[in-house]
Amino acid sequence: MDSSSEFSRHNRWVYPGFLGLFLLIGLFAAINPPRTFVFADSDAALKETARRLAERVAAIPGLHGPLRFEWHPQGNWAEGEGTRWQDSLRDAFDRRALQLSDEAGAPALAVYAAETPSEVVLTAKTHVGDRDEVRIVALPRSLLPPAELRVAPVRLKRQLLYESSDRILDAAWFSDGEETYLAILLYKNFDVVAVRLDPMGQIQQTLPLNVAGLKPTRDPHGELVFHGSQSSARLWGKTCDFSWNSAVEAKCRTEKFNMPGDSAWPADAVLTSPCGDANWTISDPGGEPTARAVLRLAPDGATQSSSATLTSEFPGPVLNFSPEQNSGGALLMVRNLSTGNYEVYKISLACGD
Amino acid sequence: MRSIKSVLRAAISAALALVAAAALQAAPPRFGGTLRVKLRSSRISLDPREWTPGSLNSSDSRKIASLVYDRLVTLNDYGQFQPALATEWTHDATFKTWHFKLRAGVHFSDGSALTPALAAAALQSTSGKNFEIAATEAGLTIHSLQPAPDILEQLASGNDFIFRAQLDGKLLGTGPFLVAEAVPEAPAEANPLATKPARIKLLANENCWAGRPFVDVVEVTLGEPALRQLLDLQVNRAEIAEITPDLVRKGREEGLRIWNSAPLVLVALRFDDALAAPASDSLHEALWLAIDRDTMANVLLQRQAQLAAALLPQWLTGYAFLFESPMNLPRAKELRASFPAGVAGAEQALRLHVDAPGDLFKLMGERVAVNARQANLLVQVAGVGSANNTAAPSDGLHLFAWHYDSLSPRTELETLLRQMPDGSDLGANAADPEQLFAQERRLLEEHRILPLVVLPEYVGLRANVHNWNGSPWGDWRLADVWLEAEDTSSGKAAGSTQKENMPARTPGANQ
Amino acid sequence: MTFRTKVFLIFLITVLASVSLVAYGVTHYTQRAFEQMDAQRTQALEVQFKKEFEQRGEMVVQQVENIANAEVTLRMVLDLSRPNADASLYLHDANGAAQSHGLDFVEFVNSDGTLISSAQYPARVGYKNDWVTASKSWDSTGAFLKREELPDGVALSLTAVRTQTVGDKTIYIIGGRRLDKNFLATLELPPGMRALLYSNLDSSFNAISLTDANGPVSQGESFESLIEQIQKHPQDTTKTISWNNDPASAEAFHATPLKGRSGELLGVLLLGSSARELVLLQREILKIAAVVALAAIFIGLLVSWWVSRRITRPVEELADAARDVASGRWDTKIDVRGGDEIGQLAHAFNEMTGTLAAQKEKLVQTERVAAWRELARRLAHELRNPLFPLQITVENLQRARQLGPQQFQEVFSEATATLKAELSNLNTIVGRFSDFSKMPTPEFSKVSVNETLRDAIRLFEPQFTAVGKPPITTEYFLNESLPEIEADPDLLHKAFQNLVLNALDAMPAGGTLSLRSSDAGEIVRVEVSDTGKGLTPEECSRLFTPYYTTKQQGTGLGLAIVQSVVSDHHGTISVSSEEGHGTTFRIELPKRQSDAALKPKKDAPPTEPLSERAATASD
């Protein structure tokens, strides 16, 4: 019973704070049922709650089926959790002989799920005659398994990786199999230069591409692409293949590369939260190229975007965005309006405040 | 018995968390350092018996008191009640009688042991007459006249700390910190025993049953103006400071790390009792329909607040979304047109007293007046234009701020009502959310209290504050916070290294 | 009223009139000058206010333009031009702009008229300001007056609106400065003037809305009627307000309505000029006038005294001298000073008195000679009558010595008897002259004139009816109610006796003697008339000369005695006669003798002028 006392803050230096909490949750959930509601499993509690709600709804005078069932889950619930609830509720309504239908014209029976600090509150709302009928039931949250609980607090981490007075066209991580490097494509003195930085941020290599026949442009853009040991720089009108290891000059060919205009913001601008499975979508900061960009991240499917949104303001407009492969982070190329320099930031999500 | 599924799920989540944490945070927690906390309240009391329900001031007091005193149980962020000074609890089928087993081997800061009698006395003094609390051999029995299924929520929040009152009036706690120094704001007033300090210094309780806290010292400075607190954070004069909602955006723009709680402060209007004449019912309703809560929350409070249509917030009840913000200006004007002569607000301005401190609340009061004017209702913010408060205090409207103290919606609503002039009571069986909803709806339909917005608490954190895990309901949990060593202050770093090496105590180590 | 008084009064009136005239003129013209100056001052102040107003308006416009062109504003417009822009970000921007640009009021209004940010009334954010979007020409519009809603009331503002457009997005920047006591404090006012501002923001008069440079005006309610007048008819108006009973406290206010963009009356500028200086100056003038008048009166006194002395003294001297002449000092001379008219007059007077004196001397000598001649003639006449018988008798005696003793004895005894009789006669004549010379001084007592008259008649009554004599009838016309007068009864009796005797003598052939007494005011008149042969005018004029007589027997002293008595009683005697019809003597006596007359001086002049043909009694 007293197993919680085996925890001490002393141990926690091994685990960061949230971990301790998670473990606490897990172990308490497993070992120490806090209330005397005893169910065979968490589904039992869920089903019992659904049953109670159905019972109350069924008791609403003048309520006739068929009803169109609407489900409004708590914003940060995982999908599986919602499905279980829906199934249980539909089942419970069935048992109460409340006919449910998917017809658009049928009167709605909306069920809302909400979490309070200690409970899950289910609210059924329907319209009978000229009045709204509301039925509410609650069950202790502790009776539900922790996996279905909302994600832990997330914050946006931001790190400046590189800064240059030259226009940064693109930046990307690449690996030579041993080390991971940061490659940067610069537009310097009307030529394109590739730069390689080691993980410590030291410049390892500066590789002028000497692109023959590259038309000077006021709107330079480019993209780094890696295929094994081969690197490519896709530029306006030209694509150059080069290698960091060989002294061979870059081979450039005429190949039109279309940088889509304003819709350059990738649809997969998504960061995965390390504190849960949730994906956070980074919305296009947009705006004028003369304004500071504010990056907004919202969890996928978030209904209360305003409270859950993470924001970060950059010192200038975001010129390019390069997601990391595992969505763990992303590189942002930003023009710093204060210094006029171009900067490369890494953004990622971190748990806890 | 729990299902295998849930155990598995717990294990998986724990493992996931472990992996993620290890990847993210390589540095181990550090013992030592001084945590400087700035609070806006100019005076706080560490005696829970002195706290005023709903007051912003008392909520600051509670934050600091929770460092000194413990509760029987706490609630974690995942809805689970955690054993604190009570290790086990049971109740009867009616939820009227609850048995709590007290943790053994817990000592007050002066070394005296925590006994069931002391705990019972402390709880009895804070929880009022709703409960009869009796000490048993190993714990407490709490008997409630009404079914109290929410007693754990009550005990995990509000004023229900366990303390021991000394003969000199000072209170001793079992919490992670000890009061080392309380520098009063002014020379002792009428009651010299009252602790109303301007600066409070707390030292880590080395012998805390739950283990020594990470930081050595918590220095609380009171009465810091809002902007000053923000600057203190920026110039490294504070680790933790309260941020007013109007400064949140500025703070964030300046790269400050700002945490927020769930909306904890209700800003609402209430009518004075004397206005409860039938004629004023339509006045109440007209005002209720005239107020534009949306702009209040999203523009005046710059999206740092949420509009409130209910007395209790959604995060606490789960059903608040059912109440709709009822703005309906044409209907308000219609009602206004039907006013009989002589009703305040028609020919004669209704005086709005802003009972909460600060410019923000005054601004909201002015907004109420502006909104009201759209419906041809005359509302004048008292104390702004005219210094003379000739009108009787009973002829007005009050804008007040209410801090949600309790985790039990029923208790919160009851307390809120008890503080209102007419002090009505909730009916029995209000622990059932549906009943509570019905009660609240009735109250709202009476239009005696008109909720406007709910505000979260915002806390600015310096970058070196780690493991901050404030609860949505405003518990700061500072015992778990640790401070990153400062490169600049080598002396502090050296001092804290020593602490780091100290073996931390495990609960019950003294046994 | 003496000439001196007249001169003095004339002088005084002249001085007073001229001083008053001057004082009035000065006061009047000062007042007019002051009023003119006042009007000019007010006008200048009004011009100054308008200039100040315009300058202030330009300043406000400049400041609003600065805000409009500030980087933050441009950025705001840029940000707001984006779809779904969050205007709440700019909630506090107006406050910052107001502080950094020194404006009291700043508001940012979105292109649809929605208030984005307000420095003065943040609670109004989100509401529409349609008046801003209604105008398209803000950037060319100057500052104007505006009623500014504030949480604690309303204020008067000098407002300007500018727009800032980036791309298609336009926002309005409204900035203003409060028109209040601080604004008034910047007006430089001449002493005695003050500028007041009434913010016409309430429906009715509100004394608190009236401020001067120091804040709300005390006794502001005194302006109610003026303000209300302007509220009804918004045009320049002037009104004087008295603060208390002292006219110096009065202040003239020139009120100019201040109007907003659509002509609504938003405020009233009151330029007040105190009447204090004017009133004080007027008082000063009056004070000086009073002092001048007093001095003039004093000087007038001196001058008139001196002038009258210069003019009237010689005249008075002349009068005195004339009076002296009248009283008989014919040789009176006065000093002749200068050759002016007075001097000439004095000179002529002196010549006249000189001539008079010489003539009088001649007359007196003539009279005296005549009197002596008359006396000598009378004496000779009186004495010759007894002397002749004496001479005869003595010659008879001498011749008788040749006669016998017997015869001689006879002659002798007859002669002695005759001598004796004639000597006695001589003695009587001498006694009569002696009596006249010894006329006593009257002793006054209460006397009944009628009684005395009757007493005098009674003595002669036997002679009226004496046998052998022609009868004389007596007629009395006496006023019995005549009062007693102060007189010497014996002398009066003697005088009446002489008159009666005179009348009897005048009627040897009988006739009627009429006695008449009457009351004539201060005097009593007594008339004694006879029906004798009357007197020639020549006789009348000589009648009272002593020793003059028309009778064969008589010393000629009777009427002289009468005149002497009347004169001693300060009365007059006159005679009227017609030849052949009788003579009337009229005596007029004063009822009361003056104190001086009670001890009458011999040389006292008669108080009444002589009537025609009436001789004045004289010594």
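List of remarks:
- Of the residues C:ALA275, C:ALA255, C:ALA207, C:ALA250, the single one that is at negative phi and modelled with pLDDT of 85 or more is C:ALA255.
- Scanning the stretch A:107-129 for residues that are in contact (Cβ under 8 Å) with a residue 24 or more places away in the chain, more than 30 Å from B:PHE81 (Cβ to Cβ) and either of a type outside the set (S, T, N, Q) or at the interface with chain B (Cβ under 7 Å from one of its Cβ atoms) (or both) turns up A:PRO107, A:ALA108, A:LEU109, A:ALA110, A:VAL128, A:GLY129.
- The number of residues in the stretch B:112-127 that are touching a residue at least 12 places away in the same chain (Cβ under 8 Å) and over 26 Å from the mean Cα position of the chain (by Cα) comes to 5.
- Matching residues in the stretch B:205-231 - criterion: being within 23 Å of the chain's Cα centre (by Cα) and over 30 Å from B:VAL106 (Cα atoms): B:LEU222, B:GLY223, B:GLU224, B:PRO225, B:ALA226, B:LEU227, B:ARG228, B:GLN229, B:LEU230
- Output for the stretch C:73-98, where each listed residue is over 20 Å from A:ARG292 (Cβ atoms) and more than 14 Å from chain B (Cβ to nearest Cβ): C:ALA98
- Tallying residues that are acidic (Asp, Glu) and touching a Lys or Arg at 6+ places or on another chain (Cβ under 7 Å) within the stretch B:79-124 yields 1.
Yes/no per residue for (1) more than 20 Å from C:GLN48 (Cα to Cα); (2) among the basic types (Lys, Arg); (3) surrounded by fewer than 17 Cβ atoms within 10 Å (Cβ to Cβ):
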| site | (1), (2), (3) |
| --- | --- |
| C:SER203 | yes, no, yes |
| C:ALA213 | no, no, no |
| C:SER218 | yes, no, yes |
| C:GLN231 | yes, no, yes |
| C:THR237 | no, no, no |
| C:PRO257 | no, no, no |
| C:GLU277 | yes, no, yes |
| C:ILE285 | yes, no, no |
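- Of everything listed in (1) surrounded by 24 or more Cβ atoms within 10 Å (Cβ to Cβ); (2) away from chain B (no Cβ under 14 Å); (3) of a type in the set (Gly, Ala, Ser), the single unmet condition for A:ALA92 is (1).
- Residue under evaluation C:ASP180, criteria (1) at positive phi; (2) more than 14 Å from every other protein chain (Cβ to nearest Cβ); (3) out of contact with any helix residue (DSSP H, G or I) (no Cβ under 6 Å at 6 or more places or on another chain), criterion not met: (1)
- Here is the figure for the stretch B:304-332: residues that are surrounded by fewer than 24 Cβ atoms within 10 Å (Cβ to Cβ) and among the hydroxyl-bearing types (Ser, Thr, Tyr) total 1.
- Looking across the stretch C:171-194 at every residue that is outside any strand (DSSP E or B) and of a type in the set (A, V, I, L, M, F, W, C), the one that is nearest to the chain's Cα centre (by Cα) is identified as C:LEU189.
- Flag if C:GLU451 is surrounded by fewer than 11 Cβ atoms within 10 Å (Cβ to Cβ), modelled with pLDDT of 85 or more and out of contact with any Leu (no Cβ under 7 Å at 6 or more places or on another chain): no
- Matching entry among B:LEU301, B:LEU283, B:LEU289 (being modelled with pLDDT under 85 and either of a type in the set (Lys, Arg) or surrounded by 20 or more Cβ atoms within 10 Å (Cβ to Cβ) (or both)): B:LEU283
- Test: C:PHE108 is aromatic (Phe, Trp, Tyr), away from chain B (no Cβ under 14 Å) and touching a Leu at 6+ places or on another chain (Cβ under 8 Å): no
- If you go through the stretch B:136-152 and keep only what is assigned to a strand (DSSP E or B) and touching a residue at least 60 places away in the same chain (Cβ under 8 Å), you end up with just B:LEU140.
- Taking the criterion of being in contact (Cβ under 8 Å) with a residue 40 or more places away in the chain and either away from chain B (no Cβ under 11 Å) or part of a helix (DSSP H, G or I) (or both), the only residue of the stretch C:114-130 that qualifies is C:ASN129.
- When B:SER338 is tested against (1) away from chain A (no Cβ under 14 Å); (2) without any contact (Cβ under 8 Å) to a residue 24 or more places away in the chain; (3) surrounded by fewer than 21 Cβ atoms within 10 Å (Cβ to Cβ), just one condition goes unmet, and that condition is (2).
- Checked against the criterion of being outside the structural domain of C:LEU156 (by TED's automatic domain parsing), assigned to a strand (DSSP E or B) and in contact with a Leu (Cβ under 8 Å, 6 or more places away or on another chain), the candidates C:PHE223, C:PHE253 yield just one match: C:PHE253.
- Members of the stretch B:429-454 found to be among the β-branched types (Val, Ile, Thr) and within 12 Å of chain A (Cβ to nearest Cβ), listed by number: B:VAL454
- Yes/no for C:PRO122 being surrounded by 14 or more Cβ atoms within 10 Å (Cβ to Cβ) and more than 15 Å from C:VAL61 (Cβ to Cβ): yes
- Qualifying residue in the stretch C:198-207 (condition: farther than 30 Å from C:VAL132 by Cβ and either in contact with a Ser or Thr (Cβ under 7 Å, 6 or more places away or on another chain) or touching a residue at least 40 places away in the same chain (Cβ under 8 Å) (or both)): no
- Among the numbered conditions (1) modelled with pLDDT of 80 or more; (2) touching a strand residue (DSSP E or B) at 6+ places or on another chain (Cβ under 6 Å); (3) within 14 Å of chain B (Cβ to nearest Cβ), the only one that A:ALA278 does not meet is (1).
- Residues located in the stretch B:455-473, provided they are more than 10 Å from chain A (Cβ to nearest Cβ) and at pLDDT below 90: B:ALA463, B:ASN464
The values are calculated or read from the model by the stated rules, or taken from the named source; none is laboratory data. Computed from a predicted model, the values in this text were never measured in an experiment. Backbone-built Cβ (ideal geometry, glycine too); neighbour counts: all protein chains shown.
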